[in-house]
Protein chains: 2
Amino acid sequence: MTEFIPPGSRFIDLPSPFPLKRGGALHGARMAYETWGALDADGGNAILILTGLSPDAHAASHAGNREPGWWESMLGPGKYIDTRRWFVICVNSLGSCKGSTGPASIDPDTGRSYRLDFPELSVEDGADAAAHVVRALGVERLACVIGNSMGGMVALALLQRFPGIAHGHINISGAARALPFSIAIRSLQREAIRLDPQWNLGEYDDDAYPEAGMRMARKLGVITYRSALEWDGRFGRVRLDADRRVGDDPFGLEFEVESYLEGHARRFVRRFDPNCYLYLSRSMDWFDLGESCHGTCEEGLSKVRVNRALAIGVYTDILFPIEQQQEIADGLLAGGTDAQCLALPSPQGHDAFLVDIARFGPAVRGFLDSL
Amino acid sequence: MTEFIPPGSRFIDLPSPFPLKRGGALHGARMAYETWGALDADGGNAILILTGLSPDAHAASHAGNREPGWWESMLGPGKYIDTRRWFVICVNSLGSCKGSTGPASIDPDTGRSYRLDFPELSVEDGADAAAHVVRALGVERLACVIGNSMGGMVALALLQRFPGIAHGHINISGAARALPFSIAIRSLQREAIRLDPQWNLGEYDDDAYPEAGMRMARKLGVITYRSALEWDGRFGRVRLDADRRVGDDPFGLEFEVESYLEGHARRFVRRFDPNCYLYLSRSMDWFDLGESCHGTCEEGLSKVRVNRALAIGVYTDILFPIEQQQEIADGLLAGGTDAQCLALPSPQGHDAFLVDIARFGPAVRGFLDSL
């Protein structure tokens, strides 16, 4: 069980006990976060960033950690999210393994890591934990909450559960509920991990580790995070050079696209805890902003109180398709929010917000400037 | 190693040796086929059907096998492919386990099943074998060759390698080359099988069988054979009733879509030989009609000699996207074929041709009537 905590992380303890939506409570739990810029005297310039499933809180470099972050081109002095103007907070998700408490963390009641004894985790729990961080940092009301992918779900739960916590909201490639295609993909990813004998009902260690299952899960993830269109242009039918091929196994790596997936997977499997992956993945399946308020998704969205909102998505996203960002904008609008949906022609699919900064950056900056 | 041969199958021996495109040769190989209707005196009413990866030659019921076939609603007396008018041949693919010779068959040179000693299989080999069946049945020139999915690849290879073998061609949800998204999906399916310890480098048996790997592969297949749109309407976020759930495992089957995948997979895993699956799957990755003639895919298509062609696809197909059927029609047209592409609004994705007979049937009949 390994946690992967970026240097320069800061921490805020959650209330103990910290009750979870589906039952149970955490004791002595904490949230990892990083910040950029400074909070104004009137506290009105704070932005909260909620991440996808796997990133840590290190969205960009800062004095405490000079390594580039996962949104380095988006965030910093003079960048699209300009940290000379905005005080930016990014939290590592509750349930993750990158500083915030999750299944890989030590359970203070037993002195061993939680593993499958971690209580069932929901998107709403992540929202409650993030809200606590915001309050603890002295922010009464966020100028904007930005949520990417899973973070888009957490952001909507946050707005629903803490009316008035934010003036603006940018939902990037997010969703107000999980739909069956993405549930099916995630279910298969979890099955790959759980079928690996080395997963061992969550009782693996660094020597006996569900590497094959994690590799399969990650490859399937990468397939659904990008797009066929991008890959046609990027890989086509190009083969690996002979010196990069191993043996003459007809089922071995032969095409560039196979090698690309393998490389991505190998970089990931030892850097994310498998049990944490299972918990965060399942939390997304369970999410439906409508169910939480005993209505439809549309009703759930219409009850969210935020002044202005922008939902951004791309046409090539198969995991969180553009219809889901349109649903968010339509639902918020129906509740009186000044909300719009922006559909971008990025070819990179779900992951476009990480790489197509040329399109996402101006959209994000434009919205922030207008607040 | 099990073959699954429908009752009422007929067989034609292939020439021995039967050389394969990528090297090696088969000895004593045979093809399973079924027919419907009767060949005209002038031999001008023959239609050949080439299937997707997994179906057998039992496309529809007949006197020798009253069980409904996989295209029962399409094919028969008075149906869209009217067997009172047409003499219809369907072959089981070379390399399959449903009567034609494949990795699950006995190698006469050794007396044991080929398993991984089967030579590398290509789409072109399947075309050569199908052409032999057509000739052996006394058909000089087909009125039409219909290829579905993988069969669409085989059909194009057949037309390329045997100029003049058919007057007309219907390519259904097929492709003239494999693109990286589908290569990636198939690569992951094969990896799931090969990672299963019970696959055992192909040396499994009924007791030690790579069931988990086959189940994963099939689930991923089903995910890519259907569409998110269809599943939204069909499953939404509906949960299984309590009496269909097992225990309280948070990662167990909970959503209808998870149960649907599980059911599909369980029905499949013991009915298709894993090694055959690997060989047929890889043959599709290797296929590019351009490479076979040392040119681009467009050039390959423009050299195909067939009088009239119809490429049919659906907008919701993510595995063989509609652009690939358009590519077929455009390429054939450039070579002088009277070719068209028909894009159908079926919600069922790649599998639509199996279930949306209300749309596919009239399109197929219309083309056949016009020949």
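Read-outs throughout are calculated quantities, based only on the coordinates presented, and are distinct from any laboratory measurement. Only a predicted model underlies this, so the values are computations on that prediction, with no experimental measurement involved. Every residue, glycine as well, gets a Cβ built from its backbone with ideal geometry; the counts of neighbours run over all protein chains shown.
Overview of values
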read-out: Karplus 3J(HN,Hα) series, Hz, for region A:345-353 with 6.51 cos²θ - 1.76 cosθ + 1.60 (x for Gly, Pro); value: x, 4, x, 7, x, 4, 7, 3, 5
read-out: Other-chain or far-sequence residues with amide H under 5 Å of A:PHE255's (modelled H); value: A:LEU240
read-out: Among A:GLU327, A:GLU298, A:GLU256, residue whose mean-square fluctuation peaks in a GNM of chain A (springs only between Cα atoms under 10 Å); value: A:GLU256
read-out: Of A:THR316, A:THR337, A:THR110, the one that fluctuates the most in a GNM where chain A has Cα springs shorter than 10 Å; value: A:THR110
read-out: Extended-chain gain in nm, criterion 0.36 nm per residue less alpha-carbon gap, A:ARG135 and A:ALA358; value: 77.0 nm
read-out: Sorted by Cβ neighbour density within 10 Å, fewest at the top, the residues B:ASP285, A:ASP207; value: A:ASP207, B:ASP285
read-out: HN-Hα J in Hz across region A:98-110 - Karplus 6.51, -1.76, 1.60, θ = phi - 60°, x for Gly and Pro; value: 10, x, 7, 5, x, x, 8, 7, 6, 7, x, 6, 10
read-out: Contour excess over end-to-end distance, with Cα ends at A:LEU240 and A:ALA334 and 0.36 nm allotted per residue; value: 28.6 nm
read-out: Note, ³J(HN,Hα) from phi for region B:45-58, Karplus 6.51, -1.76, 1.60, rounded to Hz, x at Gly and Pro; value: 10, 8, 10, 10, 10, 10, 9, x, 4, 9, x, 8, 7, 7
read-out: Under 5 Å, built H, 5+ apart or other chain: amide partners of B:LEU20; value: B:ALA25, B:LEU26
read-out: Computed E for A:GLU120/A:HIS294 - FRET, C-beta separation, R0 25 angstrom, nearest 0.05; value: 0.80
read-out: Estimated distance in nm for a label pair at B:ARG305 and A:ARG85, the labels positioned 7 Å out from Cα along Cα-to-Cβ; value: 6.8 nm
read-out: Nm distances between copies for A:LEU333, ranked from closest, using label points 7 Å along Cα→Cβ; value: 3.6
read-out: Those Cys residues of chain B for which no other cysteine Cβ falls under 4.7 Å; value: B:CYS90, B:CYS144, B:CYS293, B:CYS297, B:CYS341
read-out: Charge dipole magnitude, Cβ of K and R +1, D and E -1 - the protein assembly as shown, Cα centre, debye nearest 20; value: 660 debye
read-out: Cross-link pairs A:LYS21/A:LYS98; A:LYS21/A:LYS303; B:LYS21/B:LYS98 - those with Cα-Cα distance over 31 Å; value: none
read-out: Mean separation of Cα contacts under 8 Å (6+ apart) over length of chain B, as relative contact order %; value: 18 percent
read-out: Order of B:SER122, B:SER100 - criterion: other Cβ atoms within 10 Å of each residue's Cβ, fewest first; value: B:SER122, B:SER100
read-out: Position B:SER370, label points 7 Å along Cα→Cβ, spacing to each other copy in nm (shortest first, one decimal); value: 4.8
read-out: Long-range amide H partners of B:LEU342 with built H, under 5 Å; value: B:ALA311, B:ILE312, B:GLY313
read-out: Gaussian network model of chain B, Cα within-10 Å springs - most flexible of B:TYR225, B:TYR315, B:TYR260; value: B:TYR260
read-out: Paramagnetic reach from B:ASP369 (point 7 Å along Cα→Cβ, amide N under 18 Å) across region B:68-85; value: B:74-85
read-out: Debye, to nearest 20: dipole size of region A:183-276, +1 on Lys, Arg Cβ, -1 on Asp, Glu Cβ; value: 440 debye
read-out: Linear extension gain, B:THR110 paired with B:ARG22, 0.36 nm per residue minus alpha-carbon span; value: 29.5 nm
read-out: For A:GLU298, label point 7 Å along C-beta direction: distances to other copies, nm; value: 4.5
read-out: Label point distance in nm, B:ASP13-B:ARG66, each placed 7 Å from Cα along Cα→Cβ; value: 3.4 nm
